[in-house]
Amino acid sequence: MLTKLRYCFIVLAIGVISWGCSNEPENKTAHISGSFTVSDSIDSSGDFSGIGFTIIQKDSANADADTLYHAVTDSNGSFSGLATFQEKRRYPLIISRNKRNLARSGIILAEDDSVFITGELPNIRETLKISSHEHDAMETYQRLGKNFQRVMQLARSGQLKGDTLRDELQKWSNLYWDVYEEEEGTFASNFAAREAIKILESFDKPQMMNRIRAVDGYDDLSDLGATFGKRYMAENKGLDSALVYLDSLAQMTESEGSTKRIAREKIKLLYDSARVDQAQQQLSAFKQSYPEDSTSNWVESMSYDLNYLSPGDTIPEFQFSQNGRVISRDSLSGTPYILEITRLSNRLYQNQFDRTVVIHSIYKNYGLQIVTLPLDESQVTVDAFFEERVKPWPVADAQAFDREKLLKKFNIRLIPTRFLVDEHGKIIRKYVGNEFEDVIQGIQRIINKDKNEEPTS
């Protein structure tokens, strides 16, 4: 009887240990090998030994680095072994000799992948070559990207227009989608899917949505549905359909990170659509579900916007003088306007400027104005921006206001940030970064509202 009890205890203990271990992330391995040489100019002995290759993982700036792989070349310059890791990603690679670090690079480790590294000392940067399924796919993606950028430069210069531009964009979207399908499972495949979908948003949103639905089930790509797909559903099917779509995405994902991202997009959609009470309820639920994120920058920023900068709230006060004229919230009463807060040196703002000029030239006939509050500390920067550009609307001088108070009052976390304001000084929507692409919809809401309010004869 005692023997049986001891046997049962051992089996139970093994089961508990096995259960505990099963909850830990499983280790993955990749085979690493290579061949390195040394130029006669620094070593004519023909002995290529002593070149070290170390792959490390460092989870934070203050954390100690963990060594995932280390090998040293033999006299022929060869090395090989297994790297052990827990997550497919890009890791730092350090190349050394005689205890001196010679170069750093990055290496993608994926389960059961084989990585081959070649190069020659001392010209490591010029001769280093990393080949594997992941790296070869990434080279294909990057080569495609370089060629696509050349096409986009032609488009920006006006050499590609109309149907010709549309045909080019369709071609490049298809090329990116081919890489997604042919290199499925790689980082390059994910990047290519994103590019294929982003390109389509500008001219063929139904096809964009078809491709989003094709990747909805992949956690690594669920954010495409949560952003581009959400926007499409809201524009074409209405807000409630967009919310249902986000809920369906959340049910499909198994990743906590993806679930959080979808929850944030749902809150943002409710906020942008002036459903402030629902957005606040969802934000409270988010903080309860993810207490570790309850004090994050995103939660604090969204809480501030919901309380003070929601659609329908009065825009905070601002004021500056230009050519003897005072520009302020009160002086703009009676006309709709876009309030921009940015650095004029910001690359995204510069890229958006020409489109903003076009928007202003079209909608100023409906009374729309634009006002810019630059965050640049030097007036030289402000003046330089307009040396080769027209200044079609009021722009405050540098340091014409208290910069820190402005950032706090308007909750500026990213730039450019813009507010679309109606003729009563009420916020229609806040646009951060690339969200400005949607501003025409907001302007149309103001125009259509004014038309509906016109008295009938």
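Each value in this text was obtained by applying a stated rule to the coordinates, not by laboratory testing. Keep in mind that what you see is a predicted model, and the values were worked out from it rather than measured. FYI the Cβ positions are ideal-geometry reconstructions off the backbone, even for glycines, and counts take in every protein chain you see.
What share of the DSSP beta bridges in the chain is antiparallel, in percent to the nearest 5?
Percentage antiparallel, nearest 5: 75.
Looking at the P(r) of segment 319-453, how many percent of alpha-carbon pairs lie beyond 22 Å?
Above the 22 Å cut-off, segment 319-453 has 34 percent of its Cα pairs.
Quote the convex hull volume per residue of segment 135-308, based on C-alpha atoms, as a whole number of Å³.
Hull volume over Cα atoms, normalised by residue count, gives 144 Å³.
Relative contact order for the chain: what is it in percent, counting Cα pairs under 8 Å that are at least 6 residues apart?
Relative contact order for the chain comes out at 8 percent.
Please work out the FRET efficiency for the pair residue 426 and residue 159, using the Cβ-Cβ distance as r and a Förster radius of 35 Å; give the result to the nearest 0.05.
0.25
Kindly provide the helix-only [θ] at 222 nm of the chain, computed as the sum of -39,500 (n - 2.57) over DSSP H runs of four or more divided by all residues, to the nearest 500 deg cm²/dmol?
-14500 deg cm²/dmol
First check a/c for the chain, with a ≥ b ≥ c the square roots of the eigenvalues of its C-alpha gyration tensor; if it is under 1.5, answer rounded, and if not, answer prolate when a/b is larger than b/c or oblate otherwise.
It is prolate, given that a/c is not under 1.5 and a/b is the larger ratio.
Rounded to the nearest 0.05, what FRET efficiency is calculated for residue 364 and residue 116 with R0 set to 60 Å and r the Cβ-Cβ distance?
With a Förster radius of 60 Å, E is 0.50.
Report the net charge of residues surrounding residue 275, where surrounding means a beta-carbon distance below 12 angstrom and charges are Lys +1, Arg +1, Asp -1, Glu -1.
So the surrounding residues net to -1.
By how many nm would the segment from residue 298 to residue 285 lengthen if fully extended, with 0.36 nm per residue of separation less the alpha-carbon distance?
Result: 3.2 nm gained on full extension.
Which of the residue pairs 405/426; 268/405; 161/449; 237/409; 161/230 have a Cα-Cα distance greater than 27 Å in the structure shown?
Those over the limit are 161/449; 237/409; 161/230.
Just check segment 46-122 against the gyration tensor rule for me: Cα atoms, a ≥ b ≥ c as the square roots of the eigenvalues, rounded for a/c under 1.5, and otherwise prolate or oblate depending on whether a/b exceeds b/c.
It is oblate, given that a/c is not under 1.5 and a/b is not larger than b/c.
Compute the distance in nm between two label points, each set 7 Å from the Cα along the Cα-to-Cβ direction, one at residue 178 and one at residue 126.
So the label points at residue 178 and residue 126 sit 3.4 nm apart.
Please provide three numbers in whole Å: the alpha-carbon extents of segment 225-285 along the principal axes, with the largest listed first.
30, 28, 14
For the Cα atoms of the chain, what angle does the longest principal axis make with the long axis of helix 2-22, in degrees from 0 to 90, nearest 10?
Tilt of helix 2-22: around 50 degrees.
Under 10 Å from the Cβ of residue 205, count the other residues' Cβ atoms, weight Lys and Arg +1, Asp and Glu -1, and hand me the total.
So the surrounding residues net to -2.
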